[in-house]
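Reading through the structure tokens given below for one structure.
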Amino acid sequence: MSENNDLPEGAEGPEASDSHIETKHVPERALVLVPVRPARTRRAEAEKSGVDRSPTARVEEAIGLARAIELDVVDGIAVPLPMFKPGTLFGTGKVAEIAERVEADHIGLVIVDHALTPVQQQNLEKEWKAKVIDRTALILEIFGERAQTREGTLQVELAHLNYQKSRLVRSWTHLERQRGGFGFLGGPGETQIEADRRALQERISRIEHELETVVRTRRLQRESRRKVPQPIVALVGYTNAGKSTLFNTLTKSDIFAKDLLFATLDPTLRRLKLPHGTEAILSDTVGFISDLPTHLVAAFRATLEEVIEATLILHVRDIAHEDSEAQARDVMNVLEQLGVEVGKTDRLIEVWNKIDLLPEEARPAARANADKGKPAIVPISALTGEGVAGLLDMVEQRLNEGRPVYTVSLSGEALAKLHRLYELGEVLTRLDEEDGRTIATIRVPEKHEQSFHREFPGAKLLPSSEKAAAKAAPQVWDPIDKS
Ligand SMILES: Nc1nc2c(ncn2[C@@H]2O[C@H](COP(=O)(O)OP(=O)(O)OP(=O)(O)O)[C@@H](O)[C@H]2O)c(=O)[nH]1
Ligand SMILES: [Mg+2]
């Protein structure tokens with residue numbers, strides 16, 4: 001660092017406020033490079049995968065990742081990548097051009113938003129005289145800084161070690177190739193790498209063992225929760241989609257939510273009270289991102305078990321983001337990796353968040369009924385609260401789908417008790433007859449079952465054959481108007 005650090009605290013000499021530092025390598029001055037394939041290749045890839053990310057959004061995201069660990073990002077550039085050069089990823093001309101930029105701007109760290117082989121990394125470090133890391137290493141770094149619980153720390157460490165181990169293998173294969181393909185004869189480098197691998201493997205086993213103990217405790221806690229059965233509603237989604245903000249709005253909590261990628265790492269659980277008395281547990285958890293290192297997904301499996309086993313999964317999407325569609329697909333992919341059958345399950349609800357950022361006429365419509373494989377959609381703003389009441393209604397409705405439905409007929413004085421029906425359960429249909437009677441069908445959550453029978457002794461259980469009709473009846477359900 002510069003001598004400026006030696007200034008006494010509070011000193012405000014011109015040097016102290018001058019951001020231009022004469023040292024060649026300033027470790028936290030970072031340059032972000034986003035390799036971009038030619039348009040034609042990108043179109044072909046997009047057709048195959050159904051995902052096309054705009055280069056600008058990718059640059060923005062990569063800068064966001066770098067800022068997540070407080071790096072001073074000097075610039076973020078989309079770098080054309082007509083073909084992959086095995087030794088340096090980028091072509092010779094580009095490498096030289098970037099070297100000049102690194103030199104001129106005193107950059108100490110270059111982040112390449114792409115996978116780099118260990119050899120590419122080493123070569124680029126030599127060419128640019130700066131530290132070089134790839135996307136996976138950067139994400140691992142962020143997770144390392146965020147981890148707070150014992151479980152989180154162990155998981156990140158495990159992912160890190162596995163990442164390192166996989167890179168040792170790759171560089172070994174490379175050495176083998178350099179020697180003409182006779183790797184099995186052994187040779188220089190091999191013994192050292194083997195030793196390194198063994199050391200890594202020993203640490204991996206030790207951490208896995210320790211993690212298993214921590215995870216077992218969590219499982220036991222979950223088991224004991226299961227004895228008092230409460231449905232779990234899990235929030236999932238791309239990082240920065242607004243999961244924690246929604247969590248705070250729904251549970252009136254104050255957990256950390258910020259315009260920061262991977263603000264949340266460790267999972268949080270809170271009680272969620274629904275409008276008609278149904279109770280559930282809401283879980284907030286780590287966000288997903290495109291090209292999430294597989295080591296991380298594997299390491300975080302235990303944390304994500306809450307999601308895998310949840311009764312309902314709320315997929316929170318930043319619907320105002322230009323890459324919203326691609327982000328959703330990434331989330332689906334991770335869910336699939338975790339064993340949630342995305343296309344088949346009826347446990348998913350899509351929460352389209354941040355509608356306050358869209359002009360009135362561009363706001364999406366709600367989709368109440370889940371067709372086979374198509375999740376329901378609820379547009380909301382976790383920030384302003386718009387649509388949130390409708391979301392809660394839908395969650396409660398979905399959690400109680402299996403609950404019994406009763407028919408209640410009220411007339412005369414009993415009509416005064418009508419409001420109690422709305423308090424005790426979810427009124428599915430209501431018919432005001434000409435003779436002054438009111439007939440309603442109501443689904444009663446477990447919690448209110450006793451009170452309901454006490455107050456409405458004449459209620460009749462609706463046969464399950466008629467339940468579908470009650471459900472299909474038009475429900476006044478407009479999340480936007482309801483907030
Ligand atoms: N305008 C607007 N901003 C929102 C809304 N919901 C969340 N945000 C903002 O989006 C940013 C990210 O919110 P978080 O709740 O931290 O997002 P997250 O999904 O928990 O993110 P990670 O924990 O990083 O995965 C914050 O700056 C929020 O204030 C919304 O409905 N409208
Ligand atoms: Mg969060």
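Laboratory data are not the source of any read-out in this text; all were calculated from the coordinates shown. Note that the coordinates shown come from a computational prediction; the quantities given were computed from them, not determined experimentally. Cβ atoms come from the backbone with ideal geometry, glycine included; neighbour counts cover every protein chain shown.
Structure notes:
- Look at ASP105, ASP323 and count the other Cβ atoms within 10 Å of each Cβ; fewest to most, that gives ASP105, ASP323.
- Calculated on C-alpha atoms, the gyration radius of the range 405-472 divided by its Kirkwood radius gives an Rg/Rh of 0.94.
- Counted by Cβ distance under 12 Å from ILE63, the other residues give a net charge of -3, where Lys and Arg count +1 and Asp and Glu count -1.
- Ordering 443-455, 133-145 by mean Cβ neighbour count within 10 Å, with the highest value first, yields 133-145, 443-455.
- Ranked LYS252, LYS374, criterion: other C-beta atoms within 10 Å, fewest first: LYS252, LYS374
- Each Lys or Arg adds one and each Asp or Glu subtracts one; over the other residues with Cβ under 11 Å from the Cβ of LEU424, this totals +1.
- Distance from the Cα centroid of the range 377-419 to that of the range 64-85 is 48 Å (rounded to whole angstrom).
- Per-residue Cβ neighbour counts within 10 Å put TYR406, TYR422 in the sequence TYR422, TYR406, beginning with the fewest.
- With the biggest extent put first, the Cα atoms of the range 230-400 measure 39, 37, 36 Å across the principal axes.
- Given LYS48/LYS165; LYS374/LYS447; LYS48/LYS243; LYS85/LYS131; LYS252/LYS273, the pairs whose alpha carbons are separated by over 22 Å: LYS48/LYS165; LYS374/LYS447; LYS48/LYS243
- Förster radius 22 Å - calculated FRET efficiency between LYS344 and ARG225 (Cβ-Cβ, nearest 0.05): 0.25
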